[in-house]
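The values are calculated or read from the model by the stated rules, or taken from the named source; none is laboratory data. Everything quoted here is computed from the prediction, not taken from an experiment. Don't worry about glycine lacking a Cβ; one is built from the backbone with ideal geometry, like all the others, and counts go over all protein chains shown.
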């Protein structure tokens, strides 16, 4: 289970409601904070503390393993104490509370990453979430590499003994209040891996009436989709 933000806390009594072996010691003291990840969460991440626009509540580990440290700013940026930059720099030493924990099959990230990522769009927060998820979800059903705007949707149709995978890609452009799709870009040679209980026997592209060679290895079926122009359908039969 991957737990984010305030999901671990019962607000009225300030009690932790899930056994993650952490202790709640109070709300944040500053208007922002910084996070320095450890080795387990370091893929595609910077080694220096990264800014969190919204600070995390303060938690310490009881028996949980700490995966990231929090660095607090020297002060909150207010009229009383002002910094000419958008945010005050972080202190040299980490805080006593931490920024990521693991207890068995539970990973807890105290920051509200979704609420931070949605308005600010910093890729590091998305990568932090993906790295934490990867520690728990080591064998995903579908593995595919698409640009950021790519989307997939997998359907299982047992009555037809097949899986249907929809691939979507377009690059929207902001026009006033609207996001529109104006340029259709074709992607090539997209590797797709499917990990399901059944052995995949055939893979087809029904929109193009073509078949793809499939390689089965260690419970995973892998194919290469030659091209994707906005939408492609991959049917895997077993």
Exercise. Would you be able to say whether some residue in segment 221-236 is outside any strand (DSSP E or B) and more than 25 Å from the chain's Cα centre (by Cα)?
Key: no
The condition from (1) in contact with a strand residue (DSSP E or B) (Cβ under 9 Å, 6 or more places away or on another chain); (2) surrounded by fewer than 20 Cβ atoms within 10 Å (Cβ to Cβ) that residue 85 misses is numbered (1)
Within segment 1-17, the count of residues that are closer than 13 Å to residue 109 by Cα and not in a strand (DSSP E or B) comes to 5
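Given the options 135, 67, 109, name the one that is surrounded by 13 or more Cβ atoms within 10 Å (Cβ to Cβ) and farther than 18 Å from residue 22 by Cα.
Working: 67 fails: farther than 18 Å from residue 22 by Cα; 109 fails: farther than 18 Å from residue 22 by Cα.
Selected residue: 135, the only one of 135, 67, 109 that is surrounded by 13 or more Cβ atoms within 10 Å (Cβ to Cβ) and farther than 18 Å from residue 22 by Cα.
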Filtering segment 200-219 down to residues that are closer than 17 Å to residue 231 by Cα and assigned to a loop (DSSP other than H, G, I, E, B) yields 206, 207, 208, 209
Would a scan of segment 19-37 turn up a residue that is within 16 Å of residue 64 (Cα to Cα) and at pLDDT below 90?
yes
When restricted to 184, 190, the only residue modelled with pLDDT under 95, in contact with a strand residue (DSSP E or B) (Cβ under 7 Å, 6 or more places away or on another chain), in the same structural domain as residue 155 (by TED's automatic domain parsing) and under 19 Å from residue 151 (Cα atoms) is 184
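Taking residue 125, is it in contact with a helix residue (DSSP H, G or I) (Cβ under 9 Å, 6 or more places away or on another chain) and either at pLDDT below 95 or part of a loop (DSSP other than H, G, I, E, B) (or both)? Write out each step before concluding.
On the way: in contact with a helix residue (DSSP H, G or I) (Cβ under 9 Å, 6 or more places away or on another chain): yes; either at pLDDT below 95 or part of a loop (DSSP other than H, G, I, E, B) (or both): no.
Considered against the rule, which asks whether it is in contact with a helix residue (DSSP H, G or I) (Cβ under 9 Å, 6 or more places away or on another chain) and either at pLDDT below 95 or part of a loop (DSSP other than H, G, I, E, B) (or both), residue 125 comes out as no.
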Within segment 131-159, restricting to residues that are free of Cβ contacts under 8 Å to residues at least 60 places away in the same chain and part of a helix (DSSP H, G or I), the one that is farthest from residue 4 (Cα to Cα) is 159
Filtering segment 28-42 down to residues that are under 22 Å from residue 82 (Cα atoms) and either outside any strand (DSSP E or B) or out of contact with any strand residue (DSSP E or B) (no Cβ under 8 Å at 6 or more places or on another chain) (or both) yields 28, 29, 30, 31, 32
Selection over segment 9-18 where residues are surrounded by 10 or more Cβ atoms within 10 Å (Cβ to Cβ) and out of contact with any helix residue (DSSP H, G or I) (no Cβ under 7 Å at 6 or more places or on another chain) yields a count of 4
